[in-house]
Every structure is written in structure tokens, then in C-alpha cells.
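Nothing in this text is a laboratory measurement; each read-out follows from the coordinates by a stated rule. Note that the structure is predicted; figures quoted are calculated from it, not measured. Cβ coordinates were reconstructed from backbone atoms using ideal geometry, including for glycine residues, and neighbour counts include every protein chain displayed.
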Amino acid sequence: MNSRKHNLYAIVALITCGFTTQAFAQAKACIELKTTAAVEKEVVNDKGEKSKVLVPAGKVVPGTEVVWTVTANNSCKQPSDKVTINNAVPEHMTMVANSATGPGSQVTYSLDGKTFASAGQLTVQENGVTRPARADEYKHIRWEFKNSLAPGASAYASFRAVLN
Amino acid sequence: MLSVRHLVAVGVVSLLGMWAREVRAVGVPAGTSINNTAQVNYTVGSLSATATSNTSTVTVAEILDVVVTLQTPSVPVIAGANQQDLLYRVTNTGNGPETFRLQMSSVIAGDEFDPTPAAPSIYFDTDASGDLSPGDVPYVVGSNDPVLDADAFVTILVVNDIPAGVIDGNRGFSRLLADARTGVGAPGTTYAGQGSAGTDAVVGATGADGEATGEYLVAGIALNAVKSQSVADQFGGTRPVPGARINYTIVVSATGSGTAGASVFTDDIPANTTYVPGTLRLNSAALSDGVDADAGDFSTTPNAHVSVQLGSLSQASGSQTVQFAVTIN
């Protein structure tokens, strides 16, 4: 069922059955999305040099910075285009300013999950005055990847947030 | 109304509230699950698709933190007095319920005498009176260790006898210590699986123990100050709005035997208010604001305060009434 031809047959079948137009605009699942949590840990090598490594986060105390990483892997034989990852900042956490990264992506933020804009472009109303929103007020993060995701390739999106 | 008890001895009445600061913890409750799920939208050819990730979860571990604060200023005592109490507050500043062990010590360097711990020497202030009273339950280590929820506190009385032979001006220190039963240690020390709700317990910034030291001051006489206030706003009402005036009245009285020499009353002008010039009075007689021949003055160094020299006070002197006014900024 990987070929375009089969998909077209499926569309014909759906129309025949009277489905809405939205339902038949779906491609088959090509991207598998995975999210993981990690914390930075300082390690010292045998030369006494310090470096930081990411270790899986299981139990964390308030004030801990957690690195959330989202991996999108294309399991299909066709490229995926217009790949856009959305992630809400988890409840009880505060996003760390400038921490959202994703190679090859443009990152935007939102306060309400509807209006997305670049950092510094969002505003809030406070006591009748409009001011720029602070990074700790961002509740949603969006990564829009400029290039298509080749078959078998992965795209990465990550951000940091502090446990309140 | 703000009342202050036992304030002072040997002369100086101060209404500074520094011994009773509030402590509060911050943090998501231990055991809370923090979940993250991402979504992706994409197209394949002309068709669009969406996918949702797994839900990745981290669990909030328990922070072990405790703060002990002294609730009474220097307690005036006389030589040979029994069952003299110091009031403390033990606050769980962690993020989960925790059991605390209490200890006291009265052998502390820097004072002139060692108070003698009464038996028992630690009580819960069960009736919340702030004083040792018949209903207060003695603390027995390992038996009724206080269990405190996050941010909860318990008030504790440390009780000592004052040795005979101490003289006016001698100070004796006594300390209350509290530590988390789960464990103490350097901040970051982890007790795997021993936190509330089965999560890990991690020692917080306090080291999971705390202490505070109180003081007995030998004085044959104690001065007491009771402060009251009335508010008059500029619209003829009594609302505490900016511009409103607060009139303070402080009644200072001496109890006990003997005489408190060279007693001085001082009171800081409250934050966000401004002293109204020329409003300082002692027993209804106006006092000038300057440092001069009369008993009172207003000064801005080191911080804005009024000061009134009350001279020698004994129980027979009767109460002394100080008044002044401020406006709300």
C-alpha cells in the first residue's frame, strides 16, 4: 500500500462511501514521532576534565532543567514535506529562553497555541498596557522544517524547561 | 492591632519584627507526573498527515528541606526562674510530606550562662497560646515526631530553667534543631525510593536540617509594648489608600521588680509610608522631630524611625503612651 496508485484507489473508495473531503486528504503514516526527557550531568574524565552529558531524566526535583527532545523519523520511501513539530510546554514547567532549537527549522512560539510568532514578537496585555511577552510565558513551541525529510532520515527538535 | 510582648529588657524597646520572618517553599508537589507529548504535521506528495508522539514522563522527586525560625525576641527572665519558654516555628520548605526529628541544646558558646533544660524540654504549642500552658503536649523523639505537609509548620516551645546566681544583663542561649527523618546531608544527596509517593528524596539547599537560637536575658524588670493604629483617609473614611493617614499609639509598660534604666523606645517607620512631621508625642505632649533637648526625635539614619527616651521605668511608673502618624505612599 505504499504506492500513490493505491492511495488514489482508496480515495475513490472513500468518495463512494460518502466521506467528507477532509478524511481523504490523509497520507499514510510516514513519520514516527518520539519524545524523550534528559537532564545534564557533569562528568569528569580520567584526565580530570569536566564535561556535560545528557542522561535520561526519571525523577527530578523542582528547579531542575529538563531537556526535551522530539525526534521525527521518516519511515516511508517518499520524502515528507512541510514537516512541522508542535510541542506544548509541559504543565508545571517553565521554558528556558532561547532554548528551542532544531537543525534546519524555524522556531516560533505561542501563548495560546493559536497565534505563533518569532521570539520577541508576541505581546501580552497587562493592566491595560501592551508589553512583549517573556520567554517564561511561552506555552507552545513550533518547529517548521524548511527542507523535506528524506526517506529514513530524522529531524530533531529540542527545548529546555525548568521544573517549577 | 499589633501587639508585642516581652519586648525588651534593660532598656530598649524595639518593634522590629525580624525574629518572625515568613518562610515558604516553592516547587511542584513530590510525586507529580510531568508529561510531554509532541505532534507533527507533514505532507507526502499532495496529501497531509499528522502524528502524535509517545508521552514522555518525568516524576517530581521529593526535596528535603526544613527551616527553623525563632518566634520570640530576647526573653527577659529573673535568676532562678523555672519553665521559661522560647517559641520556635519548624516549617517544611520541601515539596512533600516529611517527618522531622527535634532536638534542643542549651550549651552554646557566646553567652554568659547555660540555661538548664527542663524535663521535658521540648513541647508542642498545642493550644497555640505562644506560651507554655497545661494543654501543651511534650515532644518525645521517635514517638510523636511532627509530620508536616509541604509548606506546613508546627510551633514548638523550648523550655529551660534559669540558674540561680545569674545577674542582670547576662544572656543564656538555647537552640532548637530539626532534621528530616528520611535523611540529611549535602544538598543533592539522594535517597532512592524513599521520598513521598515512592519517588526519590533529594536533600535540598538547607541540608534537610535547620536550627535557630533563642536568648534569655536576665532582667529584674520587663518592658512591654502594645501597638494599635487607626486609619483616616483623605475622603473622610477609614480606608488604607495612598494618601491616607495612619495614627499609631504604643503603650509601653514595665512589669516586675526593679527599674529599667535609660529605657529607649524605637519604632521603624513602616515600608511604603512616610512619617508625618511634628506628630510625635509622649503622654500627649508634643515632641520636636529634631535631636535636641526633648525626649523624642525622628531620624532617617540608618532607616526612618522614631525614638523616644523613656528614662527610668518601673512598674510604679505606670504606662507611657507614644503616638505618631504616617501617610501611605
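Data overview
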| read-out | value |
| --- | --- |
| Rg ratio (alpha-carbon, reference 2.2 N^0.38 Å) - segment A:29-163 | 1.21 |
| 16 Å cut-off, amide nitrogen to a point 7 angstrom out along A:LYS82 Cα→Cβ, residues in segment A:112-144 | A:143-144 |
| Ratio of Rg to Rh over segment B:120-169 (Cα coordinates, Kirkwood Rh, two decimals) | 1.10 |
| Alpha carbon convex hull of segment A:56-121, volume per residue in cubic angstrom | 136 |
| Segment A:ASP136-A:ALA153, extension gain: residue separation times 0.36 nm, minus the distance between their alpha carbons | 2.9 nm |
| Computed helical MRE - 222 nm, the protein assembly as shown, DSSP H runs ≥ 4 contributing -39500 (n - 2.57), nearest 500 | -1000 deg cm²/dmol |
| Flagged links, alpha-carbon separation over 27 Å, of A:LYS34/A:LYS139; A:LYS41/A:LYS77; A:LYS34/A:LYS59; A:LYS59/A:LYS146; A:LYS34/A:LYS146; A:LYS34/A:LYS114 | A:LYS41/A:LYS77; A:LYS59/A:LYS146 |
| With 5 Å bins from 0: P(r) over segment B:18-117, alpha-carbon pairs, percent | 2, 9, 11, 12, 11, 9, 8, 7, 6, 5, 4, 4, 3, 3, 2, 2, 1, 1, 0 |
| Intensity falloff of the protein assembly as shown expressed as log10 I(q)/I(0), Debye formula with alpha-carbon point scatterers, at q = 0.05, 0.09, 0.13 Å⁻¹ | -0.37, -0.86, -1.19 |
| Alpha-carbon Rg with Dmax, taken over segment B:221-328, Å | 14.7, 48 |
| Given chain B, longest segment not containing exposed loop trypsin sites (Lys or Arg not before Pro) (DSSP; at most 14 other Cβ within 10 Å) | B:25-329 |
| Within-12-Å neighbourhood charge of B:TYR191 [Cβ basis; K, R +1; D, E -1] | -1 |
| Estimated distance in nm for a label pair at B:THR300 and A:SER75, the labels positioned 7 Å out from Cα along Cα-to-Cβ | 7.4 |
| Counted charge near B:VAL107, where neighbours are those whose Cβ lies closer than 11 Å (Asp, Glu -1; Lys, Arg +1) | -1 |
| Prolate/oblate/rounded label for chain B (Cα gyration tensor, a/c 1.5) | oblate |
| Rotationally averaged projected area of segment A:99-164 (alpha carbon convex hull; nm²) | 5.8 |
| Gained length - B:ALA232 relative to B:SER46, 0.36 nm times residue gap less alpha-carbon distance | 59.6 nm |
| Residue-by-residue Karplus 3J(HN,Hα) for segment B:207-216, coefficients 6.51, -1.76, 1.60, Hz, glycine and proline x | x, 6, 9, x, 7, 8, 10, x, 9, 9 |
| Highest-first arrangement of A:118-130, B:188-200, B:35-47, where packing means the average Cβ count within 10 Å | B:35-47, B:188-200, A:118-130 |
| Loop GluC sites (Glu not before Pro), segment A:31-87, which have at most 14 other Cβ atoms in a 10 Å radius of their Cβ (DSSP) | A:GLU49 |
| In Hz, Karplus ³J(HN,Hα) per residue of segment B:185-199 (6.51, -1.76, 1.60; θ = phi - 60°; x = Gly, Pro) | x, 5, x, x, 4, 10, 10, 4, x, 9, x, 5, 6, x, 7 |
| Value of Rg/Rh across segment B:119-273 [Cα atoms, Kirkwood radius] | 1.09 |
| Computed over segment B:173-215, the ratio Rg/Rh where both radii use C-alpha atoms and Rh is Kirkwood | 1.12 |
| Volume per residue of the C-alpha convex hull in segment B:143-193, rounded to whole Å³ | 169 |
| Whole-Hz couplings from phi, Karplus 6.51/-1.76/1.60, listed for segment B:289-306; x for Gly and Pro | 6, x, 7, 8, 5, 7, 6, x, 7, 10, 9, 9, 10, x, 9, 4, 7, 10 |
